[in-house]
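The values are calculated or read from the model by the stated rules, or taken from the named source; none is laboratory data. Just so it is clear, the structure is predicted and the values come from calculations on it, not from any experiment. Glycine also receives a Cβ, built like all others from the backbone with ideal geometry; neighbour counts cover every protein chain displayed. Side chains are part of the model used for accessible areas, which takes the heavy atoms of the whole protein and leaves out ligands, DNA and RNA. Shrake-Rupley method; radii C 1.70, N 1.55, O 1.52, S 1.80 Å.
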Amino acid sequence: MERRDVELWAPGIGAHGVLLAYGHFGRPVLVFPTERGRAWEYENAGMVDAVAGLVEAGRIKLYCVDSYDEASWSNADAPIEERARAHGRYEAWVLDQVVPWIHGDCGAAPEILTTGCSLGGYHAANFALKRADLFPLAVCLSGSYDPATWRHARGHRGDETYFNSPIDYVANLDGDHLEWLRSRVSLLLVCGQGQWEDTTGALDSTVRLAERLRDKSIRHELDLWGHDVPHDWPSWRAQIAHHLPRFC
């Protein structure tokens, strides 16, 4: 399968981030890696092969990007509000560099589906909920959606953390913006119930976010797989192969 490797400059970060593009036609799918992952992780973990039939049939185009977790959410030396501010620089790179590149590659400005596993699932949901105009659908596998519960989280939780914590901000949505989100966004939350889904917090967090979305009547699906389905790549390969054909 043909792959195009692209480097996109991130002014706020002062470095290039990598984007890998697969496919010739179809719905654009923006893939976020797991914690501290690089753009080629999805291919190396067999996820690209899991959906290769969709790519080759012209049903999807995959765009896999680098993470910035090392300097943001995974930076154990920084308080959580500083980590959230660093995440803002990553968000700016995705919105200002990655999205325009995808639109140019597609020859238009199509709606982009977001997806990811583990911390990538968080990114998929957070981007969709914050920018449903660009990302109206998210397929989130084994995500955890409350940064305050992550490893080494410490320090004051201010606005930067709040507005990047779906568990928090979804609970307080109201008014015209809530009505717009109800008409615009949809999330698919998938999680196993096997090994590491509990210790990572993914299972509890997935259920809690589904409850928040239900309480606000925001379109979503909760799909819990069995107790033999762990927080690991074989599970995610099966889950993405099962669900993605529905959306393209």
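Here are a few things to note about the model shown:
- You will find that of ASN172, ASN164, the residue that is in contact with a Pro (Cβ under 9 Å, 6 or more places away or on another chain) and either under 20 Å from LEU137 (Cα atoms) or surrounded by fewer than 19 Cβ atoms within 10 Å (Cβ to Cβ) (or both) is ASN164 and no other.
- Those strands (runs of 3 or more DSSP E) of segment 1-116 in which 2 or more residues are of a type in the set (Lys, Arg) occupy 3-10.
- Residue match in segment 221-235 (condition: assigned to a helix (DSSP H, G or I), within 28 Å of LEU95 (Cα to Cα) and touching a residue at least 40 places away in the same chain (Cβ under 8 Å)): yes
- Selection within segment 221-248 - buried (at least 20 other Cβ atoms within 10 Å of the Cβ) and either among the polar types (S, T, N, Q) or within 19 Å of VAL29 (Cα to Cα) (or both): SER235, TRP236, GLN239, ILE240, LEU244
- Matching residues, segment 120-153, being modelled with pLDDT of 95 or more, open to solvent by less than 20 Å² (accessible area, probe 1.4 Å) and either aromatic (Phe, Trp, Tyr) or assigned to a helix (DSSP H, G or I) (or both): GLY120, GLY121, TYR122, HIS123, ALA124, ALA125, ASN126, PHE127, ALA128, LEU129, PHE135, TYR145
- Pairs with Cβ under 6 Å, 6+ apart, first in segment 76-99 and touching a residue at least 12 places away in the same chain (Cβ under 8 Å) and of a type outside the set (A, V, I, L, M, F, W, C), second part of a helix (DSSP H, G or I) and surrounded by 20 or more Cβ atoms within 10 Å (Cβ to Cβ): GLU81/THR161
- The condition of being out of contact with any strand residue (DSSP E or B) (no Cβ under 7 Å at 6 or more places or on another chain) and modelled with pLDDT under 95 holds for GLU70.
- Qualifying position, being in contact with an Asp or Glu (Cβ under 9 Å, 6 or more places away or on another chain), buried (at least 23 other Cβ atoms within 10 Å of the Cβ) and of a type in the set (Phe, Trp, Tyr), among TYR63, TYR42: TYR63
- Verdict on GLY88 being farther than 22 Å from ASN126 by Cα and either surrounded by fewer than 22 Cβ atoms within 10 Å (Cβ to Cβ) or among the acidic types (Asp, Glu) (or both): no
- Flag for LEU178 being crowded, with 19+ Cβ neighbours inside 10 Å and either of a type in the set (D, E, K, R) or at pLDDT 95 or above (or both): no
- Taking the criterion of being open to solvent by less than 40 Å² (accessible area, probe 1.4 Å), closer than 13 Å to ASP66 by Cβ and among the β-branched types (Val, Ile, Thr), the residues of segment 1-39 that qualify are VAL6, VAL18, VAL31, THR34.
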